[in-house]
1. Only one residue in D93, D32 is away from ligand 2 (no atom under 16 Å from the Cβ) and farther than 22 Å from G180 by Cα. Which one?
2. Looking at region 259-268, is at least one residue touching a residue at least 12 places away in the same chain (Cβ under 8 Å) and either under 22 Å from V89 (Cα atoms) or outside any helix (DSSP H, G or I) (or both)?
3. Determine, yes or no, whether D93 is surrounded by 18 or more Cβ atoms within 10 Å (Cβ to Cβ), within 16 Å of ligand 1 (Cβ to nearest atom), acidic (D, E) and at pLDDT 80 or above.
4. Quick one: is D153 open to solvent by 50 Å² or more (accessible area, probe 1.4 Å), charged (D, E, K, R), within 16 Å of ligand 2 (Cβ to nearest atom) and touching a strand residue (DSSP E or B) at 6+ places or on another chain (Cβ under 9 Å)?
5. Quick one: in region 4-22, which of the residues that are of a type in the set (A, V, I, L, M) and assigned to a helix (DSSP H, G or I) is nearest to ligand 1 (Cβ to nearest atom)?
6. Condition first: more than 8 Å from ligand 1 (Cβ to nearest atom) and either in contact with a Ser or Thr (Cβ under 8 Å, 6 or more places away or on another chain) or assigned to a helix (DSSP H, G or I) (or both). Now tell me which residues in region 194-207 satisfy that.
7. Name the residue, out of I50, I63, I75, that is more than 26 Å from I189 (Cβ to Cβ) and either assigned to a helix (DSSP H, G or I) or away from ligand 1 (no atom under 14 Å from the Cβ) (or both).
Amino acid sequence: MLSVVIPSFNEEPNIQNTAKVISGVLDESGIDFEIIFSDDGSGDGTWNEITVAHDADPRVCGIRFSRNFGKESAIWAGLEAARGDCAVVIDCDLQHPPKVIPEMYRLWQNGAEVVEGKKSSRGKESGIYKAFSNLFYKLIASASGIDMANTSDFKLLDRKVIDAILSMSERTTFFRALSGWVGFHSESITYDVEERAFGEKKWTPKMLIKYAVKNLMAFTSVPLYLSGVLGGIISAISAVLFILKCCGVGLGSFGGSEILLLLTGGLILICLSIIGRYLAQIYEEIKHRPKYIISDTIKSHGGQND
Ligand code: UDP
Ligand code: MG
């Protein structure tokens, strides 16, 4: 059986359509499935729509969080609830085209353990967004060796891979990178990002920046070393300037000492903030709080595992 995990936050207008489109595609391809909506603490009628979808098709089920815990937690909870031999993670707004799921499933049947959905085009994203996400993935790739260019959360995972990911005890998870980090035989398919079916995008620029910083730090400690490198560079510059001054080389109206003082002060603050953020992240981890809290569940009926 294939489990379809759908993180959903304030997706009231999408639920019925998404359930119908996905089940239509899978029924047509003769794939046995369950659909798990992970309601990430929506404030609209998302949960009600999930119950209606379940009444119409018992293969649809849901988990409801007590509040918004973020997409990563929603994916995690969906994978924990998944009973399938493999699972596909897909956005609720159908920007990840469901029509390619049967192709992913065939690749899995032919031995692939991870099938990555790679964006062939990024849809309607602004120039700043594209530049920002390229920089983010380049940083992750150089720090972890995992090439994540054009990857997304749209992927199919074998049961072995799901169990390997779920066995990780860290609290701050980055699904997109973890599914590459665990290894296994991976293949990819490309897809065009579709327009959002209904409703508005849920990510604000502030949420995206927080998400990028948090995941970069969860995945690499390079910024900590970087602060040392920056310190080294600035010390070398000040040493050179000091020697030049001692040798009587005129620096014109350049107030060397003042500027250097400001520069080093700034760098020390940057380094302190990097260390501070890591400390904060360690603090979050050692609290061992759950990734999410469930307030309601609807179990699916159907599928060969019943
Ligand atoms: N989402 C979520 N929790 C959040 C924010 C978003 O579960 O806190 C879900 C959302 O419902 C959607 C997916 O994550 O299914 C992608 O969100 P969105 O379409 O807003 O962003 P995009 O990836 O298209 O920029
Ligand atoms: Mg979207």
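The values are calculated or read from the model by the stated rules, or taken from the named source; none is laboratory data. Quick caveat, the model's predicted, so the values are computed rather than measured. In this analysis, Cβ positions are derived from the backbone assuming ideal geometry, glycine residues included, and neighbour counts consider all displayed protein chains. Heavy atoms of the whole protein, side chains included, go into the accessibility calculation; ligands, DNA and RNA do not. Shrake-Rupley method; radii C 1.70, N 1.55, O 1.52, S 1.80 Å.
1. After ruling out the rest, the residue left standing is D32.
2. No, there is no match, as no residue in region 259-268 is touching a residue at least 12 places away in the same chain (Cβ under 8 Å) and either under 22 Å from V89 (Cα atoms) or outside any helix (DSSP H, G or I) (or both).
3. The answer is yes for D93.
4. No: the conditions fail for D153.
5. I15
6. Passing the criteria: A197, P205, K206.
7. After ruling out the rest, the residue left standing is I50.
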